[in-house]
Structures are given as C-alpha cells and as structure tokens.
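Participant: Have a look at this one before I ask anything.
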Amino acid sequence: METVPNESKTPGKIGDRPTSDVVVRLRTQDGRDDWLYCHSHILIEESTYFADRLSDSWPTCQILDSRNCVEVYCEEPDLDSHVNVLRLFYVIADGLMMEICHGVKNALGILRVAVKLGCPRIIAVCVDYLEAVPWEEAEEEEILNTIPSMGSKVEPVLARLQPVNPTAVMKIFLAALQFATSSPPSPLNDLKNTAQEQLEYMLTEDDDAPLLTADEEIKLEVMRCVKKLLDRFNSIVEYLLCDLQESISDGGKMQSLHSCLTDLLWACQILGKLEIIRDFVCSWTELSVKLVTIIQQKDGENQILKTKLKVLEVTAKVLEAVGYGIVVLPTVKRLHMVKLWLPFVRTMKPLVDSVSEETEDDLTLKFDSEIWQSLESAFVAIILTLPSVDQTDILTEWLENQQIRYPDLTEAFEVWCYRSKVAKRRLETLGEEHNTAKAV
C-alpha cells in the first residue's frame, strides 16, 4: 500500500500532526490505547518492522484524514519503552540517544523494544551504553535474564561477565596470594583482608565449582607463602621471648603478633581446603610451648586478651586436624598438645565469659561459642587415641580440677570406663582365639 506523500522529508518532531502520514497505535491488554502521529519515511528508515508494515505487501487501515495506521501490541510495563523508541527515531545524533537512555533499566527496556521492532541504530546505541556504564547487582541479574536471548548483536554487553581463561585466573590468584601473606603498611590492611577473603572464595565449592583447580603448582605456592608467614610469626615469638616482661608491654610487637595470628587463622582455612595442612600443624606443635609462655603472662592481660582469643582459634583448627585424623602425629606429640593446651583452654573459658559479661557492647571480645565446642570435641577425640594409662592421668586431673565444667570430658570418661572394664576379657578372648588359630 502506498503511503501518503509528505511535502517535507524533515518533519519537526514526533506528534507533528500536520506533517504526519502515519498513526502508530500502541495497545495493551489492560485497555491502554495511545496514538502517536509519525512520519512513514522515518519509521521505514529506522525499523524493519515498520518497513514491513508500511510496504505494499501488508494491508494497513486508513484512519483520520487518510493516514495509515499501524497497531503495535505490547505489555503494560513496556508501553513507555515503546514510546521512547518512537521518539528516538527522530533523534539524529547518537550522542543525544545515549542521553535519553539515562539508566540501565530504561536502556534495557528500550533495547527490548528495539530488538522487537528491528531498529539497528537504536540497538547499537543501547549496546554501547550498557557496555560502558556500571551496573547495580539487581540490574546485572536483569541483564543476564534479558540479553542472552537477543542474539549476537548484543553480545558486547556481556563482555564483563565472560569466563576468564585458566591462565589469567592463575595469575591473579598467585598475585593475590603474595599480597595476602605479606606484611603491608597498616593503611593497606583492608585491601589485604579483601585479598584473603577472595582467595578463600575462589577455592570454595558452593552453588558453583571453585574458580580454579588446586593442582600441585598452586599447592606448592600456597605452602611456600604460608611457610614465609610462619617464619615471620616465629621471629616475632622469639623476639617476645628474649625479654618477656618488657616485650609484653611492647604494644607494637604484640599488635604484630595479633596480626600474624589473624593471617595464620586464614591460612588454616586455605590449607584445609587444599588438604595440605600437615606442615602447618607440625609447625604449630613445635611453637606451642613458646607461644603459651608468652600469652600466659599476667602483665598486660587485658591488652593481650584479643591475642589470646586468636591463639585459641588457630589452636582449635590444629587440634581438629589432629583429633579427626586429618593429620597423623605420634603419641608423644598428641599427648604433648593435650597437656599443654588443655590447662590453658580451661583457664581461658571463665576469663572470656567474665569479660564478655562486663563488656557486652565490645564486639571485638566476643568469641564464637562454636569454637569452644570445637575445642572440647577435639580434646575428647585426641584423648581417646592415647594409651589408656595417659587417658587415666588426664581424666583423673580433670575430675579433681575446679574447672571441671569446661572442657567437658564426660564422653572420654565414659569410653575410658567401658574400655577399662572390658579390657581384660576382650584381650583374653582375642588371645585365646589367636592360640586356637595357631593350634589348628
């Protein structure tokens, strides 16, 4: 069908009724019916949809002063975006088009309509806009729900979300690892904490697989960096031991000790995920006596309470690894760890409880109750792996101690009682069975 000719090929604007030759009728299921007076040569130039509708092969309705009418059906939420697209047909400069986008949500709405109506110029402008501007989290989700179904012409929008190749992931992991185990100036501590958090996130399997596979190269590099961290920690411990009384009052060194303990606690998480925590456990076992000697000092007790709590957190990780058989230590070292840390934990629990009650608003002194439970369970597990005579000594001391409530070794006591009572019969039975088997 032929369109009604215009005297001017450069109409003033959309809605210029005297020069218009087409009515675009936007209709929704909710009953909205908006009429926009447009110009056929603009519609045909900007949109393949309107080019088809206004061609000779597509009959159109003549209404109002012999104008052609093209009906476009849309959802109610998309109506404004349809109007914006029609207005953009009349914007000559692409730069002005981008100004009209003003916002990710608005640009997405315009892009959806532009794809529907086949508007290559507007699609290109929206893609350039969305590719360049920052997105909020909700906007990013909407983009992911919208863009992939639109085809290759809008793929540049998703460039920032594309998977990174393994080599690049490895490079950023190793760079972050170096920084996370370093000792930067205090203004960079927040950045260091972020690096540690993200490294742990990279290795965590949640709804998605870990960002990288922990191969031997990664494990070796992690172990190397953690060893440097342990060497730094050992140097601080040795310094503090040189002149114990003076060292405890050295706020700078105590802060360095606390900071290093925080790093070691994080390292435990990483080593656990990579299943390479053995060397760390052995090193902590060797350092334990020196460390307890430092933190048991009464002078400045309140000042180093946070450090004591951090020591307990790391020790809990170490004892868990030993107690649950993740790391196998000889009997003498298991017994050493129990005899060293059990009295310390026993005296720390009431101290922390009393301080927490007095300083309810001081969140820095709060201690996760799960760690107390973790320590208790680890002690029980380790004690039950020791020779029965050592179990007897430990449980006797526990029953005679005033701090019997924590850690609660009831489970270990019950198992010891059962094993001790049936031991002679069980071993005699085994001996008889063995002799019978030999005789046969």
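The values are calculated or read from the model by the stated rules, or taken from the named source; none is laboratory data. Because the structure is predicted, anything quoted here is derived from the model rather than measured. Virtual Cβ from ideal backbone geometry, glycine too; neighbours counted across all protein chains shown. Note: accessible area is taken over every heavy atom of the protein model, side chains too, but ligands, DNA and RNA are not part of it. Shrake-Rupley method; radii C 1.70, N 1.55, O 1.52, S 1.80 Å.
Participant: Quick one: which of L264, L220 is hydrophobic (A, V, I, L, M, F, W, C), within 22 Å of the chain's Cα centre (by Cα) and either open to solvent by 50 Å² or more (accessible area, probe 1.4 Å) or at pLDDT 95 or above (or both)?
Facilitator: Values: L220 fails: within 22 Å of the chain's Cα centre (by Cα).
None of the other options fit; the residue is L264.
Participant: One residue is enough: does region 400-407 have a residue meeting the conditions open to solvent by less than 30 Å² (accessible area, probe 1.4 Å) and at pLDDT 95 or above?
Facilitator: no
Participant: Return a yes/no flag: does region 37-49 have any residue that is of a type outside the set (V, I, T), part of a strand (DSSP E or B) and either open to solvent by less than 20 Å² (accessible area, probe 1.4 Å) or under 12 Å from L79 (Cα atoms) (or both).
Facilitator: First, the residues of region 37-49 that are of a type outside the set (V, I, T): 37-41, 43, 45-47, 49.
Going one step further and asking which of them are part of a strand (DSSP E or B), we end up with 37-38.
After this cut, where a residue has to be either open to solvent by less than 20 Å² (accessible area, probe 1.4 Å) or under 12 Å from L79 (Cα atoms) (or both) as well, the list is 38.
Yes, region 37-49 has at least one match.
Participant: Restricting to region 202-228, and then to whatever is among the aliphatic types (A, V, I, L, M) and assigned to a loop (DSSP other than H, G, I, E, B), can you tell me which residue is nearest to G272 (Cα to Cα)?
Facilitator: Step one: list which residues in region 202-228 are among the aliphatic types (A, V, I, L, M), which gives 202-203, 209, 211-212, 214, 218, 220, 222-223, 226.
Restricting the remaining residues to those that are assigned to a loop (DSSP other than H, G, I, E, B) gives 209, 211-212, 214.
Working: A209: 17, L211: 17, L212: 16, A214: 12 Å.
Top of the filtered list is A214.
Participant: Specify the residue that is surrounded by the most Cβ atoms within 10 Å (Cβ to Cβ); the eligible residues are those in region 187-217 that are more than 17 Å from the chain's Cα centre (by Cα) and of a type in the set (A, V, I, L, M).
Facilitator: A214
Participant: Could we say that T364 is under 27 Å from F280 (Cα atoms), at pLDDT 95 or above and among the hydroxyl-bearing types (S, T, Y) here?
Facilitator: Numbers: under 27 Å from F280 (Cα atoms): yes; at pLDDT 95 or above: no; among the hydroxyl-bearing types (S, T, Y): yes.
The answer is no for T364.
Participant: If you don't mind, there's one more thing I want to ask. Would you confirm, using the coordinates I've provided, whether L199 is in contact (Cβ under 8 Å) with a residue 60 or more places away in the chain, closer than 30 Å to E142 by Cα and not in a loop (DSSP other than H, G, I, E, B)?
Facilitator: Numbers: in contact (Cβ under 8 Å) with a residue 60 or more places away in the chain: yes; closer than 30 Å to E142 by Cα: yes; not in a loop (DSSP other than H, G, I, E, B): yes.
Yes: the conditions hold for L199.
Participant: Going by the conditions given, is L230 surrounded by 13 or more Cβ atoms within 10 Å (Cβ to Cβ), at pLDDT below 90 and out of contact with any Gly (no Cβ under 9 Å at 6 or more places or on another chain)? Walk me through it before giving the result.
Facilitator: Values: surrounded by 13 or more Cβ atoms within 10 Å (Cβ to Cβ): yes; at pLDDT below 90: no; out of contact with any Gly (no Cβ under 9 Å at 6 or more places or on another chain): yes.
It is false that L230 is surrounded by 13 or more Cβ atoms within 10 Å (Cβ to Cβ), at pLDDT below 90 and out of contact with any Gly (no Cβ under 9 Å at 6 or more places or on another chain).
Participant: Please list, ordered by first then second residue, the pairs with beta carbon atoms under 6 Å, 6 or more apart or interchain, first in region 374-388 and under 13 Å from E411 (Cα atoms), second open to solvent by 20 Å² or more (accessible area, probe 1.4 Å) and in a helix (DSSP H, G or I).
Facilitator: Hits for this filter: A378/E320; V380/E411; I382/R334; L384/V415.
Participant: So how many residues does region 136-156 have that are in a helix (DSSP H, G or I), closer than 20 Å to G103 by Cα and open to solvent by 90 Å² or more (accessible area, probe 1.4 Å)?
Facilitator: Counting residues in region 136-156 that are in a helix (DSSP H, G or I), closer than 20 Å to G103 by Cα and open to solvent by 90 Å² or more (accessible area, probe 1.4 Å) gives 4.
Participant: Just a yes or no: is a residue in region 157-170 surrounded by 14 or more Cβ atoms within 10 Å (Cβ to Cβ) and within 30 Å of T48 (Cβ to Cβ)?
Facilitator: Our first condition is that a residue be surrounded by 14 or more Cβ atoms within 10 Å (Cβ to Cβ); within region 157-170, this holds for 157-158, 169-170.
This time we only want the ones that are within 30 Å of T48 (Cβ to Cβ), so: 157-158.
Yes, there is a match, as at least one residue in region 157-170 is surrounded by 14 or more Cβ atoms within 10 Å (Cβ to Cβ) and within 30 Å of T48 (Cβ to Cβ).
Participant: For region 175-186, enumerate the residues that are in a helix (DSSP H, G or I), open to solvent by 40 Å² or more (accessible area, probe 1.4 Å) and not small (G, A, S).
Facilitator: Initially, region 175-186 is screened for residues in a helix (DSSP H, G or I), giving 175-180, 186.
Now restrict to residues that are open to solvent by 40 Å² or more (accessible area, probe 1.4 Å): 175, 178-179, 186.
Matches in region 175-186: Q178, F179.
Participant: So which residues in region 10-36 are under 48 Å from the mean Cα position of the chain (by Cα) and open to solvent by less than 20 Å² (accessible area, probe 1.4 Å), if there are any at all?
Facilitator: Within region 10-36, L26, T28 meet the criteria.
Participant: Quick check, is A138 of a type in the set (G, A, S) and out of contact with any Leu (no Cβ under 6 Å at 6 or more places or on another chain)? Walk me through it before giving the result.
Facilitator: Details: of a type in the set (G, A, S): yes; out of contact with any Leu (no Cβ under 6 Å at 6 or more places or on another chain): yes.
For A138, the condition - of a type in the set (G, A, S) and out of contact with any Leu (no Cβ under 6 Å at 6 or more places or on another chain) - is met.
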